Amino acid sequence: MQYKKRILTDIDHVVLHHATSFQKWLSKNYCSSFENKSWADYPNFEEWLGLNTEKANEIIYDFNTSEYFSDLFPEKDSLIFVNQLHALGYEFIGITACGDNELIQKYREVNLNHWFPNIFRKVFYVNDPREKLQILENFEPSYWVEDSASNALLGVQCNHKTYLMEQPYNSHIILDNVKNVKSWKNIYEDIIS
């Protein structure tokens with residue numbers, strides 16, 4: 001199949017590293033015990049926080065509407081290889097479930113423009129990760145990069161070449177028609193080969 005020179009990508013834990021800044025903010029604002037409790041040892045934020053989904057989402061929302069959210073660092077080698085793919089003519093579209101609040105969007109755009117100026121043609125914001133399907137369906141077969149296994153499968157459903165960015169919570173997952181990658185270097189090498 002021929003894919004467009006377009007890379008549709010999740011942002012958190014794919015392009016930007018959410019958890020470390022979230023952990024610092026959480027230790028400062030909620031409980032210092034999180035300083036030594038690695039999120040990577042848990043399959044999701046709810047279990048790491050020891051809270052139900054509703055309460056965990058409230059805390060994540062509080063973080064995403066704080067200035068800390070505008071100061072996330074690039075994930076792994078994303079800074080190098082996203083820029084290299086862009087230089088080869090690949091268009092980048094972000095699809096993120098960090099929330100669609102205006103303040104969240106502002107902080108996300110400040111953060112992306114700091115590390116990836118003029119790279120992302122558009123960023124779509126949703127509240128529920130399942131809403132990503134409606135966005136993915138609107139694009140011709142392209143490349144899709146995600147860290148959530150269930151969201152990776154949405155890309156397969158829409159005929160996108162799909163990559164699952166490995167993180168401690170998903171490295172054991174193998175899915176049909178999804179290529180597991182450890183970094184953007186792996187994606188770069190696969191696309192240009």
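Results, tabulated for the structure shown:
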| quantity | calculated |
| --- | --- |
| Ordering of 16-29, 149-162 by packing [mean C-beta count within 10 Å, highest first] | 149-162, 16-29 |
| Computed [θ] at 222 nm, deg cm²/dmol, the chain (DSSP H ≥ 4; -39,500 (n - 2.57); rounded to nearest 500) | -11500 deg cm²/dmol |
| Calculated Cα extents along the principal axes in Å (choose from (1) 49, 34, 28; (2) 41, 39, 35; (3) 61, 50, 31), label | (1) |
| Protection proxy ranking, peptides 76-83, 7-14, 131-138, average beta carbon neighbours within 10 Å, highest first | 7-14, 76-83, 131-138 |
| Heavy-atom accessible surface of the chain: percent carbon and sulfur, 1.4 Å | 47 percent |
| 11 Å beta-carbon shell around I173, net charge (K/R +1, D/E -1) | -2 |
| Above-threshold pairs, the threshold being 24 Å between Cα atoms, out of K55/K179; K161/K185; K28/K132; K24/K122; K5/K76; K4/K106 | K55/K179; K28/K132; K24/K122; K4/K106 |
| Accessible area per residue, Å², the stretch 1-125 with all protein chains present, probe 1.4 Å | 51 Å² |
| Relative contact order %, the chain, counting alpha carbon pairs below 8 Å whose residues are six or more apart | 27 percent |
| Average accessible surface area per residue within the stretch 129-193, 1.4 Å rolling probe, Å² | 49 Å² |
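The values are calculated or read from the model by the stated rules, or taken from the named source; none is laboratory data. Quantities reported herein were computed from a predicted structural model and do not represent experimental measurements. Virtual Cβ from ideal backbone geometry, glycine too; neighbours counted across all protein chains shown. We work out accessible area using only protein heavy atoms, side chains counted, and drop any ligands, DNA or RNA first. Shrake-Rupley method; radii C 1.70, N 1.55, O 1.52, S 1.80 Å.
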